[in-house]
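Taken together, the values in this text are just the output of simple stated rules run on the coordinates, not laboratory data. Only a predicted model underlies this, so the values are computations on that prediction, with no experimental measurement involved. FYI the Cβ positions are ideal-geometry reconstructions off the backbone, even for glycines, and counts take in every protein chain you see.
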Amino acid sequence: MRPRKSVKKNTSDDKTARVVRAIRAIPAGKVSSYGAVARAAGWAGAARQVVQILRKVHGLPWQRVVGSGGAIKLPGESGAEQRIRLRMEGVTFRGARVDMKQHEHKFGRSRRKSKG
DNA sequence: AGGGTGACGATCA
DNA sequence: ATGATCGCCACCC
């Protein structure tokens, strides 16, 4: 038997693809954290890789990914811009952090369409 | 191959 | 809340 390819690869590219999908799944007005995105992509513990992907892949709603607890981790002006962008999307803050109670995005579990 | 690094995260003081 | 530490993972020299 040769290794099953179509089951689940785990190349860096595939993981990246999953992270990208997770990030793109965050709607405007919502945010998620680096760690949460990593887990949603089936890659627990890869918060730092989420950052790398965030920097590498262009066209992502990067402002919607914040630190644990809603902290803005981007330094300097970039951080200021992130706040502005989020506020423009309707995200509210609780001091220096995003009000996660209201804006934390919950990722779905590969849900099939359900009957209503 | 080994060591330094980073938009991290959880924990401890 | 702040600062130090340790764990984590891939990337870069």
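What residue, among those in the range A:73-105 that are of a type outside the set (Asp, Glu) and within 17 Å of A:Ala38 (Cα to Cα), is nearest to DNA strand C (Cβ to nearest atom)? I'd like the intermediate steps shown before the answer.
First, pick out the residues of the range A:73-105 that are of a type outside the set (Asp, Glu): A:73-76, A:78-80, A:82-88, A:90-98, A:100-103, A:105.
In the following step, the residues that additionally are within 17 Å of A:Ala38 (Cα to Cα) were identified as A:73, A:105.
Numbers: A:Lys73: 12, A:His105: 21 Å.
Of everything passing the filter in the range A:73-105, A:Lys73 is nearest to DNA strand C (Cβ to nearest atom).
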Of everything in the range A:43-102, what is over 21 Å from A:Ala22 (Cα atoms) and part of a strand (DSSP E or B)? Give them in sequence order. A:Phe93, A:Arg94, A:Arg97
Between a first residue in the range A:52-72 that is without any contact (Cβ under 8 Å) to a residue 60 or more places away in the chain and over 17 Å from A:Glu104 (Cβ atoms) and a second residue that is among the aromatic types (Phe, Trp, Tyr) and part of a helix (DSSP H, G or I), which pairs have beta carbons less than 6 Å apart while being 6 or more apart in sequence or on different chains? A:Leu54/A:Trp62
Here is a check on your reading of the model: is A:Gly79 closer than 29 Å to A:Lys15 by Cβ, loosely packed, with under 13 Cβ neighbours inside 10 Å and under 17 Å from the mean Cα position of the chain (by Cα)? no
Which of the residues spanning the range A:16-42 are assigned to a helix (DSSP H, G or I) and surrounded by 19 or more Cβ atoms within 10 Å (Cβ to Cβ)? A:Val19, A:Val20, A:Ala22, A:Ile23, A:Tyr34, A:Ala36, A:Val37, A:Ala38, A:Ala40
Considering (1) of a type outside the set (Lys, Arg); (2) in contact (Cβ under 8 Å) with a residue 40 or more places away in the chain; (3) within 14 Å of DNA strand B (Cβ to nearest atom), say which one A:Pro27 fails and leave the rest. (3)
